[in-house]
Amino acid sequence: YLSMPFPLKYMSLIVPLLPLIINFLYVKPQNNLPPGPTAVPIFGNWLQVGNDLNHQLLATMSQTYGPIFLLKLGSKNLAVVSNPELANQVLHTQGVEFGSRPRNVVFDIFTGNGQDMVFTIYGDHWQKMRRIMTLPFFTNKVVHQYSDMWENEMDLVVNDLKKNEKVKYEGIVIRKRLQLMLYNIMYRMMFDAKFESQNDPLFIEATKFNSERSRLAQSFDYNYGDFIPLLRPFLRGYLNKCKDLQTRRLAFFNNYFVEKRRKIMDENGEKHKISCAIDHIIDAEMKGEINEQNVLYIVENINVAAIETTLWSMEWAIAELVNHPIVQQKIRDEISTVLKGRSVTESNLHELPYLLATVNETLRLHTPIPLLVPHMNLEEAKLGGYTIPKETKVVVNAWWLANNPAWWKNPNEFRPERFLEEDSSTEAAVAGGKVDFRYLPFGMGRRSCPGIILALPILGLVIAKLVSNFEMQGPPGVEKVDTSERGGQFSLHIAKHSTVVFKPIAA
Ligand code: HEM
């Protein structure tokens, strides 16, 4: 090869690729596709629409192209759904047809080619993994078993805030402390293990591994190789970085957490006691239902799905409460009127409708996963009278459903009262409940978030504890904290983590 003349070298590279190139240049006319901007060969609409296809941009495009439109991103199709009727179709009526998740070269690495649950296609493997995860993580029994522990972790945060004089006058960025709290809540449920402090080397390592995984998976830097298969060889360096991170990250989960549980279970032999979620999962492995890799991918999925989502929601709630002191006061009044001196616990949250409305309003205005986790149809399907080619990535713009002025009164306003007045019959979709397809912060149907059963009470309790113990304000000279947003592809978080003053309320 090295001794070949220069042009021949290129020919020898190009000839094997000719069928692919011809296939690309020849844009096959397809009938009855959803509307969308005109696509050019090879790039499709990519150069027109750019990389950052966030919820705001897609909402604007839906006003031009309608409630379902199609974008071609190189060789890939993206269908965007923006009204409640079509959301119902994708998530519920045709939930099986649209129940898979799109794959790409990077996600293949982070999911071990679909050995996980969150990003795997709809089918037997997904069903089995979801079933195995339900008992240890997503039942009322689990909530009752762990809610005292959640409260205990929250009380530690309140105590830390009370001990710190600076917090009363200058304020602090509370994100890091809440992050430690959420890691401890999830790791105690998973492994019966917790981190000592924000400086615990294992905590630092865990957060680094998870944020690097999110950065690499959500980056636009690999779009060219994802959209244009011919360019995939140039992604080799990027993919190697992903592989290296994933190997070290899974080894970290395994060596420091999973192996410890295996040892404890082994020591107890046949009659091993199941004390935490991963014991259930290891038990399923021992029974031959799943393999060792699946166990690690369940740990990986919980790390990805449970912690940052709930943390972003808390940051949004706190920022809005700082900017709306009257909402803080109303929550306090409700707690004292209804509970008459009893403290708020998981079991009496349902007696506090204004508090729950505040949680709902936070998730409406600042939908943490604004486009849900993308769906995909394995086979060609019909939607809204159009043909959706097989393996199209289908996103539901949940943020726009919940913020479209055609369906909500003054949607830009943070007003929990709406969930007690004009939208009083609306709540996040819980299995068996009545569904309002304008409001889907946790999705709906087969692939909806099973973590809703944990996330809603955790959010309610944290807000109740903070508001009962403190008056939350902006730092000196700042009346309103900045609530501009960042993210969009998979997540919607606050752009600047707020500095908040926590003024203790006399008991
Ligand atoms: C999936 C939202 C917390 C576990 C999802 C989806 C959304 C979502 C929108 C995708 C739904 C769809 O594709 O249609 C949220 C929000 C949270 C939160 C807003 C916090 C406020 C949690 C927690 C856990 C969790 C605490 C676990 C402890 C999962 C899992 C899936 C999922 C496993 C994948 C389900 C599947 O593909 O079958 N979540 N989530 N989430 N979430 Fe959550």
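Rule-based calculations on the coordinates, nothing more; no lab input. Quantities reported herein were computed from a predicted structural model and do not represent experimental measurements. Reconstructed Cβ throughout: ideal geometry from the backbone, glycine too, with neighbour counts over all protein chains shown.
Scattering from the range 307-365 was approximated by placing one identical point on each alpha carbon and applying the Debye formula without solvent; log10 I(q)/I(0) at 0.15, 0.27 1/Å stands at -0.47, -1.16.
Here the range 332-489 is described by how far its Cα atoms reach on the three principal axes: 58, 40, 26 Å, from widest to narrowest.
Working from the Cα coordinates of the range 429-480, the gyration tensor eigenvalues give, after taking √(5λ), semi-axes of 32, 14, 9 Å in decreasing order. Quick one: go through the range 116-159 and flag any residue whose amide nitrogen is under 12 Å from the point 7 Å out along the Cα-to-Cβ line of GLU289. Label zone hits: 127-137. Computed from the alpha carbon positions, the gyration tensor of the range 32-149 leads to an equivalent ellipsoid with semi-axes of 34, 18, 14 Å, biggest first. Under a crude label model (7 Å from the Cα following the beta-carbon direction), how far is VAL96 from ARG130 in nanometres? Roughly 1.3 nm, to one decimal.
So what does log10 I(q)/I(0) come out to for the chain at q = 0.09, 0.11, 0.12 Å⁻¹, using the Debye formula with one equal point on every Cα and no solvent? Results for the chain at q = 0.09, 0.11, 0.12 Å⁻¹ read -0.69, -1.01, -1.19.
Sorting 185-191, 261-267 by average packing, meaning the other beta carbons within 10 Å per residue, from highest down gives 185-191, 261-267. Per the Debye formula on identical point scatterers at the alpha carbon atoms of the range 361-448, with no solvent, log10 I(q)/I(0) at q = 0.23 Å⁻¹ is -1.15. Only the Cβ atoms of Lys and Arg (+1) and of Asp and Glu (-1) were treated as charged; on that basis the dipole of the chain about its Cα centre amounts to roughly 880 debye. Modelled label positions at ASN113 and LYS409, each set 7 Å beyond Cα in the direction of Cβ, lie 5.6 nm from each other. Our summary gives the range 397-507 a relative contact order of 18 percent, counting only alpha carbon pairs under 8 angstrom and 6 or more residues apart. Residue ranges 198-209, 391-402, 90-101 sort as 391-402, 90-101, 198-209 when ordered by packing (mean number of other C-beta atoms within 10 Å per residue, highest first). For the range 369-422, the relative contact order works out to 30 percent when only alpha carbon pairs closer than 8 Å and six or more residues apart are counted.
Lysine pair count for the range 197-331 with Cα-Cα distance under 20 Å and sequence separation of 8 or more or different chains is 10. With the gyration tensor restricted to C-alpha atoms of the range 137-252, the semi-axes of the equivalent ellipsoid amount to 36, 19, 13 Å, longest first. Once the Cα-Cα distance is subtracted from the 0.36 nm per residue extended length, the VAL105 to ASN159 segment shows a gain of 14.9 nm. The GluC sites (Glu not before Pro) of the range 426-507 that meet both conditions, a loop assignment by DSSP and at most 14 other Cβ atoms within 10 Å of the site Cβ, are GLU479. Shape annotation for the range 249-326: C-alpha extents along the principal axes are 57, 24, 22 Å, from largest to smallest. Dipole orientation for the chain: of the candidates LEU33, ALA455, ALA428, LEU33 has the Cα lying most toward the positive pole (charges on Cβ; Lys, Arg +1; Asp, Glu -1).
Could you compute the FRET efficiency for ALA193 and ASN31, with r as their C-beta to C-beta distance and R0 at 56 Å, rounded to 0.05? After rounding to 0.05, the efficiency reads 0.50. A protection proxy built from the mean count of other Cβ atoms within 10 Å ranks the segments 336-348, 364-376, most packed first, as 364-376, 336-348.
Overall, the range 212-336 carries a charge dipole of about 380 debye about its Cα centre when +1 sits on the Cβ of Lys and Arg and -1 on the Cβ of Asp and Glu, all other atoms neutral. You can think of it this way: the chain between MET149 and LYS263 has 38.6 nm of extra reach, that is 0.36 nm per residue less the Cα-Cα gap. Could you let me know the centre-to-centre spacing of the range 457-507 and the range 126-184, using Cα atoms, in angstrom? Between the Cα centre of the range 457-507 and that of the range 126-184, the gap is 16 Å. For the range 401-498, the residue among PHE419, ASN403, PHE442 whose Cα projects farthest onto the positive side of the dipole built from Cβ charges is PHE442. When only Cα pairs below 8 angstrom with a gap of at least 6 residues are kept, the chain shows a relative contact order of 23 percent. Cβ-Cβ distance of LYS208 and HIS497, R₀ of 25 Å, FRET efficiency by 1/(1 + (r/R0)^6): the value works out to about 0.90.
Consider a paramagnetic label point 7 Å from the Cα of LYS168 along Cα→Cβ; state which residues of the range 456-482 have an amide N under 16 Å from it. 469-473, 476, by backbone N distance to the label point.
Over all pairs of different C-alpha atoms in the range 206-311, the reciprocal of the mean inverse distance, the Kirkwood hydrodynamic radius, equals 15.9 Å.
If eta is 0.890 mPa s and T is 25 °C, what Stokes-Einstein diffusion coefficient results for the range 287-424, Kirkwood Rh from Cα pairs, in µm²/s? D = 134 µm²/s. Between PHE253, ILE278, GLN145, the Cα set farthest toward the positive side of the dipole of the chain (charges on each charged residue's Cβ, about the Cα centre) is that of PHE253.
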